[in-house]
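The structure under discussion appears below in the form of structure tokens.
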Amino acid sequence: MVFDAPGQPLRACERPMPEPEGPDLLLEVSACGVCRTDLHVADGEIGARYPIIPGHEIVGRVIAMGAQATGFAVGDRVGVAWLGRSCGICRYCCSGRENLCDDPVYTGATRDGGYASHVIADSRFCLGIPDVYGDAEAAPLLCAGLIGYRALVTAGEAQVLGLYGFGAAAHTVAQVAIWQGRSVHAFTRPGDVAAQAFARSLGCVEAVDSDLPPAVLLDAAIIFAPAGALVPLALKAVRKGGRVVCAGIHMTDIPAFPYADLWEERSIVSVANLTRSDGREFLALAPQVPVHTHVSRFALGDAGEALKALRDGRLQGAAVLVP
């Protein structure tokens with residue numbers, strides 16, 4: 001399934017089977033998660049090359065290997081995430097911050113992704129999948145889970161945590177935070193009672209409309225929804241010294257707010273992409289919690305409907321394509 005250009009619908013096509021070269025693997029796709037980043041690719045809101053096959057929460061099995069591929073063997077089940085490759089030589093890669101690489105490759109944006117029956121992926125950036133997860137259940141862990149985990153780490157030791165936007169990422173990170181003994185407060189689109197009930201079912205102590213103040217001041221807030229207007233609201237909701245973490249790859253403009261809302265050592269930070277270390281750490285942690293992903297399955301040919309369901313807020317948890 002291909003986006004020919006921003007604003008164009010997905011189009012089904014057939015291509016010759018690719019051959020893996022160098023460090024690459026050829027994978028038969030078992031499942032691919034549908035991520036909000038795919039909507040940003042669809043709308044031209046982030047840098048991508050077109051035509052492009054989207055999808056960066058890929059679970060697949062190795063069916064062929066390039067001559068320099070390492071770490072896996074034919075038949076292995078592997079995961080492919082957003083960071084498809086980093087340069088390895090820029091100041092960020094050399095200081096353990098490959099998520100900020102100056103010359104990266106992004107799966108499903110600058111390299112064809114997993115809305116397909118097969119995909120090429122760099123073996124050095126693939127991840128092992130815990131055996132306890134089925135293919136569809138594992139797929140959302142590879143972006144929603146990983147970005148949620150990086151955002152949670154960035155939030156620090158916050159014992160009272162707010163999550164703004166309760167979709168694929170928030171429903172995984174909430175489980176980790178609650179397992180860690182934190183008090184989690186969920187904030188959803190106004191009137192989304194289904195999402196609020198879902199959040200409470202996972203153990204959130206509060207689940208309310210995002211335009212309402214929390215019952216208690218928060219130590220930190222993570223914003224997953226791509227709405228800049230939530231930043232001033234979250235700032236008002238955190239206590240002195242609190243932190244607001246913006247976890248999306250794209251967000252609408254943040255409206256002006258008074259300096260008094262930022263004062264007293266509150267801070268706003270963003271999370272960008274992920275590292276392979278993030279992937280290994282989170283995928284080792286997830287079975288311990290254990291994190292359970294709630295997925296709705298769609299056929300590959302119904303990828304457009306899955307994206308529409310995501311855009312309309314009709315999903316609880318995550319959508320997953322199963323070729």
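Here is how the numbers come out for the structure above:
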read-out: For segment 134-285: span of alpha carbons on each principal axis (Å, largest first); value: 47, 32, 29
read-out: Accessible-area value, Trp263, 1.4 Å probe, nucleic acids and ligands omitted, Å²; value: 140 Å²
read-out: Dimensionless Rg/Rh of segment 6-126 - Kirkwood Rh, Rg from C-alpha atoms; value: 0.97
read-out: Efficiency of FRET from Cβ geometry, Glu14 and Val193, R₀ 35 Å, rounded to 0.05; value: 0.20
read-out: Surface/4 of the Cα convex hull for segment 120-204, nm²; value: 7.0 nm²
read-out: Most mobile of Ala67, Ala272, Ala158 in a GNM of the chain (Cα contacts under 10 Å); value: Ala67
read-out: Principal-axis tilt of helix 144-154 within the chain, Cα atoms, nearest 10 degrees; value: 50 degrees
read-out: For segment 124-210, accessible area per residue (1.4 Å probe, heavy atoms of protein chains only), Å²; value: 32 Å²
read-out: Heavy-atom accessible area per residue - segment 1-73, 1.4 Å, Å²; value: 44 Å²
read-out: In segment 59-166, trypsin sites (Lys or Arg not before Pro) in a DSSP loop with at most 15 other beta-carbon atoms within 10 Å; value: Arg91, Arg97
read-out: Computed accessible area, Met251, all protein chains, 1.4 angstrom probe, square angstrom; value: 40 Å²
read-out: Descending semi-axes in Å of the chain, equivalent ellipsoid built from Cα gyration tensor; value: 33, 20, 19
read-out: Heavy-atom SASA rank of Tyr259, Tyr133 (probe 1.4 Å, accessible area, largest first); value: Tyr259, Tyr133
read-out: Spin-label pair Arg49/Ala260, simplified geometry with 7 Å Cα→Cβ offset, distance in nm; value: 5.2 nm
read-out: The chain, accessible surface, carbon-and-sulfur percent (1.4 angstrom probe); value: 53 percent
read-out: Neighbour net charge for Pro290 - beta-carbon separation under 14 angstrom, K R +1, D E -1; value: -2
read-out: GNM result for the chain, Cα springs below 10 Å: residue of Gly44, Gly162, Gly191 fluctuating most strongly; value: Gly191
read-out: Average Cα contact separation per residue, the chain, under 8 Å, 6 or more apart, as relative contact order %; value: 19 percent
read-out: For the chain, share of DSSP beta bridges that run antiparallel, in % to the nearest 5; value: 50 percent
read-out: Cα long-axis angle, helix 276-285 against the chain (0 to 90 degrees, to the nearest 10); value: 70 degrees
read-out: Hypothetical label at Arg297: residues of segment 47-78 whose amide nitrogen lies under 19 Å (7 Å Cα-Cβ projection); value: 57-61, 77-78
read-out: Estimated distance in nm for a label pair at Ala309 and Ala215, the labels positioned 7 Å out from Cα along Cα-to-Cβ; value: 3.2 nm
read-out: Asp122 long-range amide H proximity, modeled H, under 5 Å; value: Leu25
read-out: With at most 10 other Cβ atoms within 10 Å, longest stretch of the chain clear of loop GluC sites (Glu not before Pro) (DSSP); value: 15-156
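The values are calculated or read from the model by the stated rules, or taken from the named source; none is laboratory data. Keep in mind that this is a model prediction, so the values were computed, not measured. Note: ideal-geometry Cβ built from the backbone for every residue, glycine included; neighbour counts use all protein chains shown. Quick note on the areas: whole protein, heavy atoms, side chains included, nothing else; ligands and nucleic acids left out. Shrake-Rupley method; radii C 1.70, N 1.55, O 1.52, S 1.80 Å.
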